[in-house]
Amino acid sequence: MIHNTQQETNMSLDITAHPVRSKPDELVPSRYALKVGEIDVLVVSDGVLPLPTKMLGHNADPAIRAAWLNNMFLPPDAFDWALNAVVVRSGGRTILIDAGLGGDPDLHLPRAGQLVKRLDAAGIDLASVTDVVLTHMHMDHVGGLLVEGVKERLRPDLQIHVAAAEVKFWESPDFSHTAMPPGFPDALRSAAKRFVNQYHNHLRQFDEEHEVAPGVVVRRTGGHTPGHSVVRLASGGDALTFAGDAVFAVGFDQPDWHNGFEHDPEEAARVRVRLLRELAATGEMLVATHLPFPSVGRVAVDDDAFRWVPVFWDY
Ligand SMILES: [Zn+2]
């Protein structure tokens, strides 16, 4: 009997399980669990990315951009963008949506790249992950898979779902419409290349839409990158969309502002407005990579202005 109990504890798949080790040095919570019907969802913070504020809207009038930052009590030159990933459990599968930054010391982003450590702290074994879904192949979404020792800990039959258009795009990526800080285009090209080199045997490419597990559907939107995709979780009348980089913090007030990382900023703005309108109409929940952690909320709309409505934390 004792043996069985011990075994059950070790093999527990309960996403809300207590951490294996306590982390007294982490005073700010880095994971938030919720349920969408029968689907378990865990938002995990990979850390933060300090980025120039100009990246928020490189087509915006600098004075209007400065006023927006001031109204948001944000510093004028640079601020910390959240970086969130999600773990989903449905139908016996454990699905990691995006993988965080990993490491790139040349870009001076030491406060991101915490995902693996935080999955460990949440009691989630990398070997239990059956699927990875990538919203796109920017380094802050695939980099965690490139950290030394991670691939060895993942299952040999791991499936990585990504839009075929995304894999194709990175064969010869176009940065002509982006406005990134120096060093970023090369780092992004290199990370995407390393990712395909290391994981090509695991790729499961889809064209427009693919059901990864019961109620877990990834859908290509394009815009941010040609293969950019969102993931909608739906079960028991509840639904939540993980929007990847379709929506940034500024995107509610200023959905037309072009983010510096968008490869087709005009299409990205159309994708953003369509998604925000849909979510405002349905009242379904939204989580996005770069909204403040845990980034679980809903969208309200007044004419052309959207409003972010965070959920009240459920303890
Ligand atoms: Zn991103």
Residue by residue through the range 164-179, note down the ones that are of a type in the set (Asp, Glu) and assigned to a loop (DSSP other than H, G, I, E, B). 171, 174
Residues of the range 216-271 being in contact with a strand residue (DSSP E or B) (Cβ under 8 Å, 6 or more places away or on another chain) and acidic (Asp, Glu), in sequence order, are 238, 253
Name the residue, out of 140, 125, 174, that is modelled with pLDDT of 95 or more, within 14 Å of the ligand (Cβ to nearest atom) and among the acidic types (Asp, Glu). 140
Check on residue 175, in contact with a helix residue (DSSP H, G or I) (Cβ under 7 Å, 6 or more places away or on another chain), without any contact (Cβ under 8 Å) to a residue 40 or more places away in the chain and under 20 Å from residue 53 (Cα atoms): no
Residues of the range 154-163 that turn out to be surrounded by 21 or more Cβ atoms within 10 Å (Cβ to Cβ) and either within 16 Å of the ligand (Cβ to nearest atom) or not in a strand (DSSP E or B) (or both), as a count: 2
First in the range 287-304 and among the basic types (Lys, Arg), second anywhere and surrounded by fewer than 17 Cβ atoms within 10 Å (Cβ to Cβ) and part of a loop (DSSP other than H, G, I, E, B), Cβ under 8 Å, 6 or more apart: 298/283; 298/311
Go through 186, 245 for me and flag whichever is within 15 Å of the ligand (Cβ to nearest atom), of a type in the set (Asp, Glu) and outside any strand (DSSP E or B). 245
For residue 151, only one of the following conditions fails: (1) buried (at least 18 other Cβ atoms within 10 Å of the Cβ); (2) out of contact with any strand residue (DSSP E or B) (no Cβ under 8 Å at 6 or more places or on another chain); (3) in a helix (DSSP H, G or I). What is its number? (1)
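The values are calculated or read from the model by the stated rules, or taken from the named source; none is laboratory data. Quantities reported herein were computed from a predicted structural model and do not represent experimental measurements. Cβ coordinates were reconstructed from backbone atoms using ideal geometry, including for glycine residues, and neighbour counts include every protein chain displayed.
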